[in-house]
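As structure tokens, the structure follows; a few thoughts come after it.
The values are calculated or read from the model by the stated rules, or taken from the named source; none is laboratory data. Only a predicted model underlies this, so the values are computations on that prediction, with no experimental measurement involved. Ideal geometry is used to build each Cβ from the backbone, glycine not excepted, and the neighbour counts take in all protein chains shown. Protein only, heavy atoms only, side chains kept; ligands, DNA and RNA dropped before computing areas. Shrake-Rupley method; radii C 1.70, N 1.55, O 1.52, S 1.80 Å.
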Amino acid sequence: MKYKYLYIIVFVLVTLTIGCGSESKEAGVPENPTFGEHVAPILAKNCLPCHRENGAAPFSLERFDAVKKRAKTIAKVTLNRIMPPWPADPNYTHFVGEKVLTEQEISTIQRWVEQGAVEGNANYVYVAPQHFRSSIRKPDLVVPFDSVSLREGDVDRFFISKSQVQLNRKRYIAALELVPSSMGMIHHANGHLLLYPEGTKKKGARTTGKIETTRGVNTKSFEQLNLLLDDGSVPMRVHSAFNYLPGVEGIEYPPGIGGYEVTRDFAAVMNDVHYGPSDTNLTDKPVLNVFFTDVAPKRATGELMLGTNGVSKIVPPLVVPANKITKHSTRYTIDADISVLTINPHLHQLGKSFWAFAIKPNGDTIHLIRIPRWNFNWQYFYTFKTMVRIPAGSEIVAIAEFDNTRANPYNPNNPPKTVAERWEFGGASMRASDEMFQFILTYTAYQKGDESISLERKKSKP
Ligand code: HEC
């Protein structure tokens, strides 16, 4: 008897919960949504960062008629969560700048399109959050690089490109952000800073320059680009000071974390900037946005790289036979407490899914990232909202799946053929047609209280 009542109560509770669930999905969705009142704010926040003049997307949505013209496609790509592109699963971990529409926002867009995409009262403000080519704020200095032109049919082309800078005094740099002018051309770029202490380099014009290469940077290329010190030695180098992958947005850490001190004379060098593939004739002229600070860097950041070219082996080795789906993992145990700031999962076109977490010595799991549907076009550097502490003795685990079947729309080979990690010139090949499996963590040594330090962007000053 007692149990019967219990069942009834449970039944009622379950029914109520389910009822609320479906109701809350529709709750807050306006009956007759208009662009000005309801849709513009959603698009301004989630679409205009890319769909604007000179943005990452191929067309602008900055005007109402441009949105109206594409209303049906917009309804489709938002419903399927193809746009805005955000491969990381928001039910697993959250990151700075996350672009994920709520169910309510999606329903609002659907209903608005169904009802004929009405503009409504035209008295509204609809602008991109920022108007300059930066996702941080207006840069203090914009350093130009030489332009690169691709011809139709170019596959992989590698360059070393430099730009020399002269300041009126030593400065601290808080953040660097590489911005291509033509989106989708750069496959990746890795940049260094070369420092020239007073009186060590007089010869040579302080300008830009580039050479095409297949072998990466060496002393000879430094000589060709006139980057050596006057006495012929190699200048001091800040490794991996800036990076670029499609979809990457710049990030500035809190004052004193990361950052560099630079000499009055310094050079920014893209050591292997990888362009292609391209199916049209295109020209790109990238710039490096520089953000200064008066706060000296107090806490250095480091990079821990698992997998290809990194500290840990891939098991089983990264060979993806034709017509097969394979699964690989890589694991590394850290010996000191670290605070993780940013993570970057990296696979090529055969990537299918990615998952990373850490197992603490006590057996607890720390969620890092889960990407259920890998998308080669969107390989963000994901910055946590607050620093994530991983204690000494924890094992960091990354697991990736690769799909070498015809069902994978990004498969570069039709019919599929065996693809693997390939080694050349003492490192792994970075060609888009070879595979890679990397998990890179940017971290700083743990200090008490790090868990509560926010990495969210400061409000941008227009
Ligand atoms: C991070 C940059 C970025 C954001 C944010 C973004 N887009 Fe896109 N969008 C792109 C790029 C790049 C393409 C073209 C390549 C592709 O389709 O992936 C694209 C393509 C599209 C297309 C064409 C798709 C097709 O199949 O023809 C539509 C429509 C679209 N976006 C709408 C939106 C809407 C609506 C939003 C916001 C809710 C949005 N996008 C947010 C970068 C972005």
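Points worth noting:
- Search result, residues across segment 365-374 that are surrounded by fewer than 20 Cβ atoms within 10 Å (Cβ to Cβ), assigned to a strand (DSSP E or B) and either touching an Asp or Glu at 6+ places or on another chain (Cβ under 9 Å) or free of Cβ contacts under 8 Å to residues at least 12 places away in the same chain (or both): Thr365, Arg370
- All of Asn377, Asn362 fail the test of being touching a residue at least 40 places away in the same chain (Cβ under 8 Å), outside the structural domain of Pro85 (by TED's automatic domain parsing) and open to solvent by 20 Å² or more (accessible area, probe 1.4 Å), apart from Asn377.
- The test for being touching a Gly at 6+ places or on another chain (Cβ under 6 Å), assigned to a loop (DSSP other than H, G, I, E, B) and within 16 Å of the ligand (Cβ to nearest atom) does not hold for Ile82.
- When segment 264-279 is filtered for residues that are in a loop (DSSP other than H, G, I, E, B) and open to solvent by 20 Å² or more (accessible area, probe 1.4 Å), the ones remaining, listed by number, are Arg264, Pro277, Asp279.
- Restricting Pro144, Pro180 to those that are out of contact with any Phe, Trp or Tyr (no Cβ under 8 Å at 6 or more places or on another chain) and under 30 Å from Pro255 (Cβ atoms) reduces the list to Pro144.
- Residue in segment 107-127 that is under 21 Å from the mean Cα position of the chain (by Cα), open to solvent by 30 Å² or more (accessible area, probe 1.4 Å) and either more than 10 Å from the ligand (Cβ to nearest atom) or among the β-branched types (Val, Ile, Thr) (or both) present: no
- Of all residues in segment 66-114, those being within 17 Å of Gly28 (Cβ to Cβ) and touching a residue at least 40 places away in the same chain (Cβ under 8 Å) number 9.
Yes/no matrix, rows are residues, columns are (1) modelled with pLDDT of 80 or more; (2) assigned by TED's automatic domain parsing to the domain that holds Leu61; (3) aromatic (Phe, Trp, Tyr):
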{"site": "Ser134", "(1), (2), (3)": "no, no, no"}
{"site": "Phe145", "(1), (2), (3)": "yes, no, yes"}
{"site": "Ser163", "(1), (2), (3)": "yes, no, no"}
{"site": "Arg169", "(1), (2), (3)": "yes, no, no"}
{"site": "Ala174", "(1), (2), (3)": "yes, no, no"}
{"site": "Ser181", "(1), (2), (3)": "no, no, no"}
{"site": "Leu194", "(1), (2), (3)": "yes, no, no"}
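- Among the conditions (1) open to solvent by 20 Å² or more (accessible area, probe 1.4 Å); (2) over 23 Å from the mean Cα position of the chain (by Cα), the only one that Val165 does not satisfy is (1).
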